[in-house]
Amino acid sequence: MTWLAYNEWVTQRRTGGGCLFLVIVLSVLGIAYHLWESGTSDTPPGVSTPGGAGRYVAMGDSYTSSPGTGRPTGTPKGCDRSDNNYPNLLSAKLRPAEFADVSCGGATTEHLTGEQKTRDGTNAAQLDAINGDTTLVTVGIGGNDVGFVGFAAQCATQHSTASPCKTQLTAGGRDQLAERIKAATDRLGGILDQIRAKASEARIVVVGYPTVLPDDDSGCWPVLPVGAGDVAYFRDSLERLNTALQETAKSHEAGFADMSTASKGRDMCSAANRRWVEGPAPAVPAAPLHPNARGEEGMAEVIQKLLKLP
């Protein structure tokens, strides 16, 4: 999703349009932007720290790149990465000899191993950033693979208890979201093996998604015109994704950073001075329904504790 899409959504909201849930679904599933232009070398350039040790590579989507929360950094500009996203904050603590943030908005598991088109160029596969010197890899991916965009128009409703999307996505006894989650995490498992093959001594951490929707099924009605049934369905689907990411990490000898537990009570419906994820009209610099600077800082702290850094 691009900034143009966000602007269109804001216009629709102001004029009474019904596409709010498009942004909600995109956000819940961790939608992203795009990162790192294709280069001629096997490894994209990273930031060097004199006296540092090791190489840290951050891979992921827009919940990693964190559009709008800080100063733009990196190329191409279509990536919308911020200099205060959790990879940059973590790197400041680690002080590795080399740091490469290749997180890309709009990225799916496909873009970890293949090129990704952006509004101003083509990005190399994120996996290309990893070499034998890599000592730490964080991977925040999977939300975009679920692909809720096509169902968004049916989700907005004038009835607070309705669940049009759940009805459609679970028709015939099939849960389409569950199927897509399984497919995404199956692909991720293979990618974790490829990371291990390229950097046998690296510590790999799969980064989960923070809590976006509240435990209260009423959500933020009527600010968010999403019925209670769909709020519960999408919240539970995100929890299912996080669980699948954790299980995949474990089965492929990787760590897992549990952002959901750490951000409970800090969802988009919580108080402005507590929330990690902004609502459709952000109160502070951030993309709609994406982590704010507080959220990125909190995510960095979770990984820091996992790595047992001081």
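Pull up all non-local amide H partners of Arg81: gap of 5 or more, or a different chain, and H-to-H distance under 5 Å with H placed in the peptide plane.
Thr73
Summarise the accessible area of region 78-149 (1.4 Å probe, protein heavy atoms) by the percent that is carbon and sulfur.
45
Could you work out the relative contact order of region 43-95, using alpha carbon pairs under 8 angstrom and six or more residues apart, expressed as a whole percent? Walk me through the intermediate numbers first.
Values: 44 pairs, mean separation 16.8, N = 53.
Relative contact order of region 43-95: 32 percent.
Let me cross-check Glu247: its accessible surface, 1.4 Å probe, with only protein heavy atoms counted, in Å² to the nearest 10?
Taking all protein chains as shown, Glu247 has close to 120 Å².
Calculate what fraction, in whole %, of the accessible area of region 228-274 sits on carbon and sulfur atoms when a 1.4 Å probe is rolled over the protein chains. Write down the numbers at each step before the final one.
Numbers: 950 of 2100 Å².
It is 45 percent, rounded to a whole number.
Which entries in Lys77/Lys182; Lys182/Lys264; Lys182/Lys308 show an alpha-carbon gap greater than 26 Å?
Over 26 Å apart, Cα to Cα: Lys77/Lys182; Lys182/Lys308.
Solvent-accessible area per residue for region 48-162 at a 1.4 Å probe radius, Å²?
36
Need one number: % antiparallel among DSSP beta bridges in region 43-177, to the nearest 5.
The answer is about 40 percent antiparallel.
Could you list which residues have their amide H under 5 Å from that of Gly60, counting only those 5 or more apart in sequence or on another chain, with H placed in the peptide plane?
Ser103, Cys104, Gly140
Heads up, I need the accessible area for Asp217: 1.4 angstrom probe, whole protein in place, Å², nearest 10.
Answer for Asp217: close to 60 Å² accessible.
The values are calculated or read from the model by the stated rules, or taken from the named source; none is laboratory data. Because the structure is predicted, anything quoted here is derived from the model rather than measured. The accessibility values were calculated without ligands, DNA or RNA, using every heavy atom of the protein model including side chains. Shrake-Rupley method; radii C 1.70, N 1.55, O 1.52, S 1.80 Å.
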